[in-house]
Every structure is written in C-alpha cells, then in structure tokens.
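The values are calculated or read from the model by the stated rules, or taken from the named source; none is laboratory data. Owing to the predicted nature of the structure, the values given are computational and were not obtained by experimental measurement. Note that each Cβ is placed from the backbone with ideal geometry, even for glycine, and that neighbours are counted across all protein chains shown. Just the protein is used for accessible areas: all its heavy atoms, side chains included, with ligands, DNA and RNA removed. Shrake-Rupley method; radii C 1.70, N 1.55, O 1.52, S 1.80 Å.
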Amino acid sequence: MPQSQWDKMMKQCSALIIRGEESMSRACLSGIPFIWQAYPQTEEYQLVKVGALLERMKPHFTAEAFDIVEKAWMEINKHDKNSQAIQDFLNARSTLVPYFQSFAKSLQKNGDLCTNLMTFINKIAII
C-alpha cells in the first residue's frame, strides 16, 4: 500500500497496532492511541528501544493511563504474549486519546526536519 494511502487509513482508526520504526514515527505524530511492536532482536533487545520511547511518553500520561499503555507495549514485545494487556489497552483507547495527543503535540513543536536543517545551514553560513 502506498504511504499516502496508509496515512489516510491510519487517521481513520481509533487505535493502532503498528510494527517498525517508520510506522511508529507516524503513529507518534498522529495523536492516535497505538501499540508499537518493535522488530524482534536477539535476547529481546528491542525492549530497550520500547522502554526508551515509553519513558519519553510517560510525562504526557497519568500514572493509571501510562500503566495501561506500558503493559500492552511490553507484552506485545515479549515472546510470552498476554492478550489481556492488549485487550485492556483497546478497551481504554478512548480515554487514552488526550495523552497520545499531548505527546504528539510535544513532538510537532520540534518542527520539520527540512526546515530545521535549512535554518541550521543558513545559521552556520554554509550556503
């Protein structure tokens, strides 16, 4: 599916379960509640990446809401899956929206890479 079609479809969803870094970055910016399954790595090293993103998101959530997200994310990224944690996430998706939107807005404040790069290049007078 072309990326533009995926983006349109994603924006129509009330929750997402995504895999990989490109989809994760788009989900982060969407403000839609999502579960990210990182690509599996040896010795479950993907849990380090998942944990790092969760820590970045944590300040945007209440403790109760974050607990729901963290449990679902950690379970989907382990070999021993717990479908109850994922079901709890899906059941809570509408209450999680404001927290995911807060996280998305914090990322969007950074601006876009192209503009930031051109500003930097102009600032150091390369061109």
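When Lys and Arg each count +1 and Asp and Glu each count -1, what net charge do the other residues less than 13 Å away from S106, Cβ to Cβ, add up to?
Working: positive: R56, K58, K105, K109; negative: none.
Net local charge, S106 excluded: +4.
Among C114, C28, C13, determine the one that fluctuates most according to a GNM of the chain built with springs between C-alpha atoms less than 10 Å apart.
C114
By how many degrees, between 0 and 90 and to the nearest 10, does the Cα long axis of helix 21-30 differ from the longest principal axis of the chain?
Its long axis makes an angle of about 90 degrees.
How tilted is helix 113-123 with respect to the longest principal axis of the chain? Cα atoms for both, answer in degrees (0 to 90, nearest 10).
Approximately 30 degrees, to the nearest 10.
State in Å² the accessible area per residue of the chain; use a 1.4 Å probe, count heavy atoms of protein chains only, and round to the nearest integer.
On the way: 8010 Å² over 127 residues.
Ligands and nucleic acids excluded, the figure is 63 Å² per residue.
I want to check the label-to-label distance for E44 and K8. Put each point 7 Å from Cα in the C-beta direction and report it in nm to one decimal.
4.0 nm
Non-local amide H neighbours of R19 (under 5 Å, H modeled in plane, Pro and chain starts lacking H): which ones?
Q37
Within the chain, what is the number of lysine pairs with alpha carbons under 25 Å apart, leaving out pairs fewer than eight places apart on the same chain?
Close lysine pairs found across the chain: 21.
Got a sec? Charge dipole of the stretch 1-66, +1 on Cβ for Lys and Arg, -1 for Asp and Glu; which of L53, C13, A38 is way out at the positive end?
C13
Calculated from the structure, Rg and Dmax of the Cα atoms in Å equals which of (i) 14.7, 51; (ii) 14.4, 41; (iii) 16.4, 55?
(iii)
Taking Cα atoms, how many degrees apart are the long axis of helix 83-108 and the longest axis of the chain, rounded to 10 and kept between 0 and 90?
Once rounded, the angle reads 20 degrees.
For the stretch 17-92, with only Lys/Arg (+1) and Asp/Glu (-1) charged at the beta-carbon, what is the dipole magnitude about the Cα centre, in debye rounded to 20?
Working: 8 positive and 11 negative charges, 41 e Å.
The dipole magnitude comes to about 200 debye.
Tell me, what is the percent relative contact order of the stretch 1-122, built from C-alpha pairs under 8 Å that lie six or more residues apart? Walk me through the numbers on the way to the answer.
Details: 119 pairs, mean separation 33.7, N = 122.
Worked out over the stretch 1-122, it gives 28 percent.
Tell me the net charge near S30. Cut-off is 10 Å between Cβ atoms, S30 excluded, with +1 for each Lys or Arg and -1 for each Asp or Glu.
Numbers: positive: K11, R26; negative: D7.
Residues close to S30 contribute a combined charge of +1.
With each label point set 7 Å from Cα along the Cα-Cβ vector, what nm distance links K109 and K71?
The answer from the label model is 3.0 nm.
How much net charge surrounds F61 when only the other residues with a Cβ under 12 Å from the Cβ of F61 are counted, with Lys and Arg +1 and Asp and Glu -1?
Numbers: positive: R56, K58; negative: E55, E64, D67, E70.
Every neighbour counted, the sum reads -2.
Kindly report, to the nearest 10 Å², the accessible surface of Y99 as traced by a 1.4 Å probe over protein heavy atoms only.
In the full protein context, Y99 sits at about 60 Å².
Quick check for me: using +1 on Lys/Arg Cβ and -1 on Asp/Glu Cβ, what's the dipole size of the chain about its Cα centre, in debye to the nearest 20? Spell out each step's value before the answer.
Numbers: 14 positive and 13 negative charges, 95 e Å.
Roughly 460 debye for the chain.
For the chain, what is the calculated [θ] at 222 nm in deg cm²/dmol (nearest 500), taking -39500 (n - 2.57) for each run of four or more DSSP H residues and dividing by its residue count?
Details: 6 runs with 82 residues, N = 127.
Dividing the helical sum by the residues of the chain leaves -20500 deg cm²/dmol.
Who wins for biggest fluctuation among A72, A92, A52 in a Gaussian network model of the chain, springs between alpha carbons below 10 Å?
A52
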